[in-house]
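Okay, so here's the structure we're looking at.
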Amino acid sequence: MPSATPTIETARFTLRELLRSDAADLFPSFSDQAAMKWWSRDVFGSQAELAEWLVPESGWDEGRSWAVVAGHGDQVFGKVSGKVSGQVSGPVLARLAAMDRGDGVTEIAYLTVIGRQRQGIVTEALTGLIDHLFNAEGRRRLFADIDPDNDASNAVARRLGFVLEGRLRENMVTHIGPRDSLIWGLLPSDWHARKG
């Protein structure tokens, strides 16, 4: 998988490389018991802990992460923003991740910040990311591993045309005990047929 995290624009949002400083916007969500209930780990105890998990100082990272911010260039919807290292700044509305699993396969993950759910943010942002992964990078398969009780994330996968491929029973032990995983898959042919 390419090491660069490209900037991607959709109709309403810019997906830019996630920065350590974005932990400030994301911490209220990543430290909230309800928001993190279906994740594979418990809440983060500090902004510093979250920053290190999101963008490790060691430089090692399992994948690429994007901050989703409103607007493009110097304009952010609802407020004026500046540039951070040549990139759009403004409050982070969601975090997207793409992890290379080898042989053209990428796992995706997503979280919308508290107070911004059910506004189509992740659906629109993922549409831009999926287009990029299939069309620019030539990925052959995307998948999402989602807790069966995470209704919102499962709805996003379904809405984007992912196919429910199976249920892995007690696939992982999390902070709330053994949990099943639903595996949602998407192929380029599924995506292009959906988009017409």
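The values are calculated or read from the model by the stated rules, or taken from the named source; none is laboratory data. This is a predicted model, so every value here is computed, not measured. Neighbour counts run over all protein chains shown; Cβ positions are idealised from the backbone, glycine included.
So the values come out like this:
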read-out	value
Selection status of Gly138, surrounded by fewer than 13 Cβ atoms within 10 Å (Cβ to Cβ) and assigned to a loop (DSSP other than H, G, I, E, B)	yes
Flag for Ser46 being more than 13 Å from Ile114 (Cα to Cα) and among the polar types (S, T, N, Q)	yes
Options Asp103, Asp131: the member that is charged (D, E, K, R), surrounded by fewer than 17 Cβ atoms within 10 Å (Cβ to Cβ) and in a loop (DSSP other than H, G, I, E, B)	Asp103
Test: residue in the stretch 185-195 that is within 17 Å of the chain's Cα centre (by Cα) and within 29 Å of Glu124 (Cβ to Cβ)	yes
Given (1) at pLDDT 95 or above; (2) within 24 Å of Thr7 (Cα to Cα), number of the condition Ile114 does not satisfy	(1)
The one condition in (1) in a helix (DSSP H, G or I); (2) in contact (Cβ under 8 Å) with a residue 24 or more places away in the chain; (3) out of contact with any strand residue (DSSP E or B) (no Cβ under 7 Å at 6 or more places or on another chain) that Asn154 fails to fulfil	(3)
Filtered residues of the stretch 106-122 (kept if surrounded by 15 or more Cβ atoms within 10 Å (Cβ to Cβ) and of a type in the set (Val, Ile, Thr))	Thr106, Ile108, Thr112, Val113, Ile121, Val122
Tally, over the stretch 22-57, of residues that are assigned to a helix (DSSP H, G or I) and surrounded by 15 or more Cβ atoms within 10 Å (Cβ to Cβ)	15
Qualifying residue in the stretch 162-185 (condition: outside any strand (DSSP E or B), modelled with pLDDT of 95 or more and not aromatic (Phe, Trp, Tyr))	no
